[in-house]
Amino acid sequence: MYLDLYENSNFKRGASRIKEVFWLLSGDMFLAGSLPGSFWRVGLLRLFGAKIGVGVVIKPKLRVKFPWRLNIGNYCWLGESVWIDNLAEVNLGDHICISQGAYFCTGSHDWGKQSFDLIVKPINVASHSWIGAMSRVGPGVTIGEGTVLTFGSVATRALAPWSICSGNPAIEIKKRSMVKR
Amino acid sequence: MYLDLYENSNFKRGASRIKEVFWLLSGDMFLAGSLPGSFWRVGLLRLFGAKIGVGVVIKPKLRVKFPWRLNIGNYCWLGESVWIDNLAEVNLGDHICISQGAYFCTGSHDWGKQSFDLIVKPINVASHSWIGAMSRVGPGVTIGEGTVLTFGSVATRALAPWSICSGNPAIEIKKRSMVKR
Amino acid sequence: MYLDLYENSNFKRGASRIKEVFWLLSGDMFLAGSLPGSFWRVGLLRLFGAKIGVGVVIKPKLRVKFPWRLNIGNYCWLGESVWIDNLAEVNLGDHICISQGAYFCTGSHDWGKQSFDLIVKPINVASHSWIGAMSRVGPGVTIGEGTVLTFGSVATRALAPWSICSGNPAIEIKKRSMVKR
């Protein structure tokens with residue numbers, strides 16, 4: 001590839017420049033800061049366009065690229081130092097635990113083209129899933145309902161529902177069974 | 001799981017609320033800060049209850065959850081940006097090198113229960129071990145004497161003594177032999 | 001190993017103590033800071049001895065150990081939160097993309113010796129390569145021209161030119177073909 005030929009003219013940032021500057025400052029100083037507190041983090045993200053349900057707990061040091069492309073259902077947790085790098089939408093269902101240090105990547109490039117075109121793809125995580133500490137979720141990945149991506153694993157493609165997935169790349173190592181409510 | 005049913009009532013934090021608040025501030029501002037200096041970091045951790053031997057070197061940007069659950073022997077090194085997330089005890093023997101960016105995780109959840117019960121398990125690292133840069137050590141893991149967890153590897157279960165362990169999950173790839181002292 | 005016997009007397013830091021102190025401050029406060037802007041980051045690195053070509057884009061939160069051991073060609077990108085831990089030289093060709101969170105490690109130790117001798121080895125990345133987000137590149141690794149190290153992968157040995165390499169440790173999973181310019 002030749003990076004002077006780089007092509008991303010189709011990419012829409014989804015917010016005005018001024019909004020983005022305010023978000024850069026707010027995100028960096030507050031959301032990604034060490035100050036404890038969840039409710040004001042939820043409020044700050046909503047102020048910049050995130051859709052967030054009830055009962056959501058957000059720990060310190062969260063990094064979010066574009067809050068206006070973040071949708072979180074009810075009763076989700078986002079652990080310390082989670083990084084949601086959402087050039088495209090990141091959609092979380094209900095009752096999802098994202099553990100500390102997890103990273104969501106929505107951007108890629110067309111490595112077959114000299115212009116190294118930007119490719120962005122959303123990430124969808126279905127309800128009752130657990131994204132383990134220090135794990136990574138790649139562009140376009142869909143995580144099925146009730147699935148566990150274990151500690152330090154790297155999800156590069158769709159993970160089946162109610163499975164325990166592990167490794168780099170993450171593969172299903174067993175089924176998850178859960179005592180009924 | 002249903003996170004509104006979350007169950008962690010058996011978990012004891014091991015310190016008063018006021019001590020924890022002071023630790024949050026001190027840990028974040030000083031221990032995890034960029035200011036060089038090892039001896040004062042050792043002193044700060046001891047002040048909050050860590051047991052630390054002689055000859056211990058601590059680099060900047062160390063994150064420790066609960067210093068009162070950290071035990072370090074003699075002549076250990078903790079590299080830059082190490083994160084010891086010790087809800088349970090992390091116990092290090094003597095002459096251990098923890099390289100930069102390594103992460104210790106002691107917390108997990110019972111994924112078979114709707115209440116997603118908190119599970120915490122200690123990490124034990126025996127003497128003469130080397131935990132490589134950017135590696136991860138999971139809850140309950142015991143690392144045998146003289147073992148090397150290589151660069152970027154993820155330890156999810158016990159590692160045998162005097163072995164070189166690698167990958168995600170880390171497995172023994174060869175034995176370690178060492179010239180006698 | 002016995003860390004009180006540690007041996008690194010052959011290691012040359014390549015700069016005066018005063019230069020290093022100034023770099024520690026500048027690197028930490030500015031290069032690794034959140035302030036946007038690429039051109040002044042390039043300038044700062046050059047001021048401390050880095051050789052950097054034209055058309056280079058550097059994103060915030062870059063960590064560089066020794067700028068005087070960093071060589072970057074033309075039209076390279078360094079993403080957010082990249083960490084170049086270059087005790088030895090890190091040499092990048094032209095048109096290289098280093099994505100966010102990538103880590104370059106040039107230091108190791110002789111684990112067969114009681115004195116745990118420091119070993120440093122350069123990293124060489126040939127032109128038109130892409131080092132994916134959150135990937136890791138180990139000491140002495142040579143990355144061939146046009147090679148892609150995928151998201152979250154760990155390169156521990158040489159990667160062949162024009163290959164797509166993946167996993168931990170990273171291995172070639174296919175060849176890369178590119179439409180001619």
Residues of region B:19-29 classified as closer than 26 Å to C:Leu31 by Cβ and surrounded by 15 or more Cβ atoms within 10 Å (Cβ to Cβ), total: 2
Residue that is farthest from A:Ala170 (Cα to Cα), among those in region C:134-178 that are of a type in the set (Ser, Thr, Tyr) and more than 8 Å from chain A (Cβ to nearest Cβ): C:Thr142
Boolean, C:Trp111 is assigned to a loop (DSSP other than H, G, I, E, B), aromatic (Phe, Trp, Tyr) and either in contact with a Leu (Cβ under 9 Å, 6 or more places away or on another chain) or buried (at least 18 other Cβ atoms within 10 Å of the Cβ) (or both): yes
Whichever residue in region B:58-81 is within 12 Å of the chain's Cα centre (by Cα) and of a type in the set (D, E, K, R) and, among such residues, is nearest to B:Leu31 (Cα to Cα): B:Arg63
Residues of region B:129-171 satisfying the condition of being open to solvent by 30 Å² or more (accessible area, probe 1.4 Å), among the β-branched types (Val, Ile, Thr) and in a loop (DSSP other than H, G, I, E, B): B:Thr156
Residue match in region B:36-50 (condition: open to solvent by 50 Å² or more (accessible area, probe 1.4 Å), modelled with pLDDT of 95 or more and within 25 Å of A:Gly79 (Cβ to Cβ)): no
Of all residues making up region A:51-72, the number that are within 24 Å of C:Gly79 (Cα to Cα) and either of a type in the set (Lys, Arg) or out of contact with any helix residue (DSSP H, G or I) (no Cβ under 9 Å at 6 or more places or on another chain) (or both): 4
So B:Ser9, is it in contact (Cβ under 8 Å) with a residue 24 or more places away in the chain and farther than 20 Å from A:Pro36 by Cα: no
Residue check, A:Ile84 assigned to a strand (DSSP E or B) and either touching a Phe, Trp or Tyr at 6+ places or on another chain (Cβ under 8 Å) or farther than 27 Å from B:Asp28 by Cα (or both): yes
Residue list for region A:172-181, restricted to those being in a loop (DSSP other than H, G, I, E, B) and either in contact (Cβ under 8 Å) with a residue 24 or more places away in the chain or not small (Gly, Ala, Ser) (or both): A:Arg176, A:Met178, A:Val179, A:Lys180, A:Arg181
Residues within region A:49-60 that are facing another protein chain (nearest Cβ under 10 Å) and either more than 20 Å from A:Ala126 (Cβ to Cβ) or not in a strand (DSSP E or B) (or both), tallied: 4
Selected residue [within 20 Å of B:Thr156 (Cα to Cα) and of a type in the set (A, V, I, L, M)] from B:Ile96, B:Ile72, B:Ile58: B:Ile96
Residue match in region B:89-101 (condition: outside any loop (DSSP other than H, G, I, E, B), touching a Lys or Arg at 6+ places or on another chain (Cβ under 9 Å) and either of a type in the set (Val, Ile, Thr) or open to solvent by less than 10 Å² (accessible area, probe 1.4 Å) (or both)): yes
Members of region B:51-61 that are among the β-branched types (Val, Ile, Thr) and either exposed (fewer than 13 other Cβ atoms within 10 Å of the Cβ) or out of contact with any strand residue (DSSP E or B) (no Cβ under 9 Å at 6 or more places or on another chain) (or both): B:Val54
Test: residue in region A:62-75 that is facing another protein chain (nearest Cβ under 8 Å) and surrounded by fewer than 24 Cβ atoms within 10 Å (Cβ to Cβ): yes
Any chance C:Gly33 is surrounded by 14 or more Cβ atoms within 10 Å (Cβ to Cβ) and at negative phi: yes
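The values are calculated or read from the model by the stated rules, or taken from the named source; none is laboratory data. Note that the coordinates shown come from a computational prediction; the quantities given were computed from them, not determined experimentally. Heads up, the Cβs are rebuilt from the backbone with ideal geometry, glycines too, and the neighbour counts pull from every protein chain shown. Just the protein is used for accessible areas: all its heavy atoms, side chains included, with ligands, DNA and RNA removed. Shrake-Rupley method; radii C 1.70, N 1.55, O 1.52, S 1.80 Å.
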